[in-house]
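All of the numbers you see were taken from the coordinates with simple rules; none came from a lab. Keep in mind that this is a model prediction, so the values were computed, not measured. Every residue, glycine among them, receives a Cβ derived from its backbone with ideal geometry; neighbour counts consider all protein chains shown.
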Amino acid sequence: MKDTEFCADHVIEANRVRKNFISDLIRHRELFFFLAWRDILVRYKQAALGVTWVIIRPLLNMAVFTLIFGKIAHLSSFDVPYSLFVLAGMLPWLLVSGALFDTCNCLVNNVHLINKIYFPRVILATSQILVHLVDFGVNLTLLFILMLFMGTGDLSTMWSLPLFLGLAVILCVGTSLWFSALTVQYRDFRFIVQFIVQFGMFASPVGYGSYIIPGMWKWVYFLNPMVGIIDGFRWALFGITQPDMMWSLLISLIFSVVLLISGLRYFQKTERSFADRI
Amino acid sequence: MAKVIQINNLSKKYSLYHEGQSGYSTLVDTVSQTGKKWINRCLHPLTPQSDASASSNFEEFWALKDVCFDIEEGDRVGIIGRNGAGKSTLLKILSRITEPTSGQVRVRGRLSSLLEVGTGFHPELTGRENIYLNGAILGMKRSEIRKKFDEIVAFSEIEQFLDTPVKRFSSGMYMRLGFSIAAHLDSDLLIIDEVLAVGDAQFQAKCFKKLNELGTKGRTVLFVSHDVGSVLSLCNRGIYLDRGEVVASGDIDVCVSSYMKNYRDRSFSWDGDIGDEHIRIHHASLSVDREFFYQNEKPEIHIEYEILKPHPDLFIGIGIWNMRYQMLAHTQTFDNIENHHEFFTPGRHRISFTLDASLFHEGEYLIKLHCAIFNIKKISDDDIVLKFPIYAKTKNTRFKHALQHEGVFLGKEWILSQPLNTPSKCMQKIL
């Protein structure tokens, strides 16, 4: 039955997807941007206030946290206006949590695509992150304007900001791979994600500095990868160092990379049954 | 001819879940079940654990079983079969949406599939934006889409709505745009599911024309449809699937024939014993080796009977009826005046009549046999019915749907008479 003279461009058989994963991804790279472009376009088209919504959310959160932690609890913000201190932590948090929240539903929401056409499914899961990066960019500009206005910021450490952003993106990709695949498998997983996002805001140093966590608890606290990232952001923007920051950063880096690699493997393993399962 | 697709022993298994268990599980269920299992194992460490209860919950179902066939370059392959025969599963595997359980498909060239028109259209985006998005989803490069943009728009006939969100489109416009994008895909292999079942008749005809064009350009097309008529007019080869297995493959006539034999209530012959003391009819049949006729054919109708007691006014006739039970044409043995008396001498006889299929439009017809003694009694009227479809081998697809009504075909003897030398004033105005 086998015809050796027939040279095929591609072969379809069981467990094949993994072997041409990279070449497929390269072939469909434009789709990645098109999907992100679609989501960005739709996001700004539907909303009456458009771009303002992106700004309102962190600003409102900032106002509440500044009131609670700064004005009522009187926590220190190292000579930086407390509002900016909070905003600097809010930006990476909104990036990661927003991406997490959206990606976990993105496969289920795009059933019509998954059932009707082939492309690497990773594109669906990750193109969402681009949308949140655009939001992040808008908010970062806002933060820079506010910093200029209030005359704070540390230019000597600013160079490291892209590194911490990169770390946040790695974490985003890792979590989105895991959670999007898990949501296809277990439909109730999105409730867990809701919980993580809600709870995580307080388990991460968004409204406060990580210095307030006492002694031994610190090491448990550092297992949250957001701690290292947010501390890093504050260091890059204002030059604020937190106790044992190197450790929290290292743990965060290891955590993110492990999540990325394991997420990729899990995604690839379950990807081929998405269309049958969804 | 070079081979472009080779399918070897392709199989796909699905697990069907029973007893309210859905295909996807919830985390809560999984955790609680695993927990129960572990508790059981701890409480009864000595009893062997059986997974019988788990396996009885679902049943295996082979959507495709050892499917083998080759497709050559430029073939237009029609895949036919009933619902659930595995056609869609085959397409899904070929377009890589789902993986086969075992077996292999080898493909040469760029393959694109069109399992649905307008896949991934976003209702909020405009027609223009959706052309780019849908093109990218179908695998086109941005430069490619830009190059073909005008062509796509022209084909879809929606120029004036290009900047309207597609949510405001009528469903017809939506379909037209979707098909236009797909039709301009530059792939060597095109897989099409029954997407043409939608849209208005005029646009459907346009789609058919386009698909025919693609086929004649040497593009390989795989076409899945229930509509035997469109498969016959579009494809030159066929694959007939039933319960996941290939029943017939090869020439499209053979496949369609074999499909119809199994699943349509065709009747090309009748055997029995009907009549009275004068005549007994034993057999009636249509001479054909297929399960349908082409318009250019002349099938013979054979009737066998025995005359027991001759009667001068005895006759047999046939009528052609359409499926709405309207008689379209008829003929009787006494129409042949010279030989009529010979048909009804005592003994067994076999008479035949040559039917001209080109007298009829494409469609399904009934032949009813009737037998009577003129003005005295009906011997048989509704008892012997043969049923057969007529298809056109080549048809003018542009007008296909306008004419799709069974009936007598008047012919195509249209001629342009002497051109008028002096056009009238009114004619000049038009010109």
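Shown for A:37, B:414, A:219, B:38: other C-beta atoms within 10 Å of each C-beta, ranked fewest to most, produce the order B:414, B:38, A:219, A:37. For region A:36-161, taking Cα atoms only, Rg and Dmax work out to 17.7, 56 Å respectively. Taken over region B:269-393, lysine pairs spaced eight or more positions apart, or on distinct chains, with alpha carbons under 24 Å apart number 10.
Using the alpha carbons alone, the radius of gyration of region B:148-249 stands to its Kirkwood radius in an Rg to Rh ratio of 1.02.
With the charge dipole of the protein assembly as shown set up from +1 on Lys and Arg Cβ and -1 on Asp and Glu Cβ about the Cα centre, the Cα lying farthest toward the positive end among the listed residues A:66, A:25, B:391 is that of A:66.
Applying D = kT/(6 pi eta Rh) to the protein assembly as shown, where Rh is the Kirkwood radius over alpha-carbon pairs, T corresponds to 10 °C and eta to 1.306 mPa s, the Stokes-Einstein value obtained is 51 µm²/s. Seen from residue A:181, the other residues with C-beta closer than 11 Å to its C-beta sum to a net charge of +3, counting Lys and Arg as +1 and Asp and Glu as -1.
Excluding residue A:274 itself, calculate the net charge of residues whose Cβ lies under 13 Å from the Cβ of residue A:274, where each Lys or Arg counts +1 and each Asp or Glu counts -1. With Lys, Arg at +1 and Asp, Glu at -1, the net is +4. Within a straight-line Cα-Cα reach of under 14 Å, residue B:3 can be paired with the following aspartates and glutamates, leaving aside sequence neighbours fewer than 8 residues apart in one chain: A:3, A:5, A:9, B:70, B:72, B:73, B:75, B:188. Other residues lying with their Cβ under 15 Å from the Cβ of residue B:317 contribute a combined charge of -2, Lys and Arg counting +1, Asp and Glu -1. For chain B, a crude dipole built from +1 on the beta carbon of Lys and Arg and -1 on the beta carbon of Asp and Glu, taken about the Cα centre, is about 1780 debye to the nearest 20. For residue B:36, the aspartates and glutamates whose Cα comes closer than 17 Å to its Cα, not counting residues fewer than 8 places off in the same chain, are B:51.
Helix-only arithmetic for the protein assembly as shown: the sum of -39500 (n - 2.57) across DSSP H runs with n ≥ 4, divided by the residue total, places the mean residue ellipticity at 222 nm at -14000 deg cm²/dmol. Against the main long axis of the alpha-carbon atoms of chain A, helix A:161-185 sits at an angle near 50°. Using Cβ point charges alone (K and R +1, D and E -1), the dipole size of the protein assembly as shown about the Cα centre works out to roughly 2120 debye. Relative to one another, the C-alpha centroids of region A:211-265 and region B:62-98 are positioned 52 Å apart. Residue order for B:298, A:218, fewest other beta carbons within 10 angstrom first, comes to B:298, A:218. Note on region B:363-391 and region A:146-204: Cα centroid distance 79 Å, given to the nearest whole angstrom.
Give me the orientation-averaged projected area of the Cα convex hull of chain B, in nm², one decimal. Result: a mean projected hull area of 36.2 nm². In chain A, the longest principal axis of the Cα atoms and the axis of helix A:29-46 are about 50 degrees apart. Summing Cβ point charges (Lys, Arg +1; Asp, Glu -1) relative to the Cα centre of chain A gives a dipole of roughly 520 debye. Taken along the Cα-to-beta-carbon direction at a fixed 7 Å, the label points for residue A:190 and residue A:25 span 2.7 nm. Against the longest principal axis of chain B, how steep is helix B:201-216, in degrees 0 to 90 to the nearest 10, with axes from Cα atoms? Here the helix axis deviates by roughly 80 degrees.
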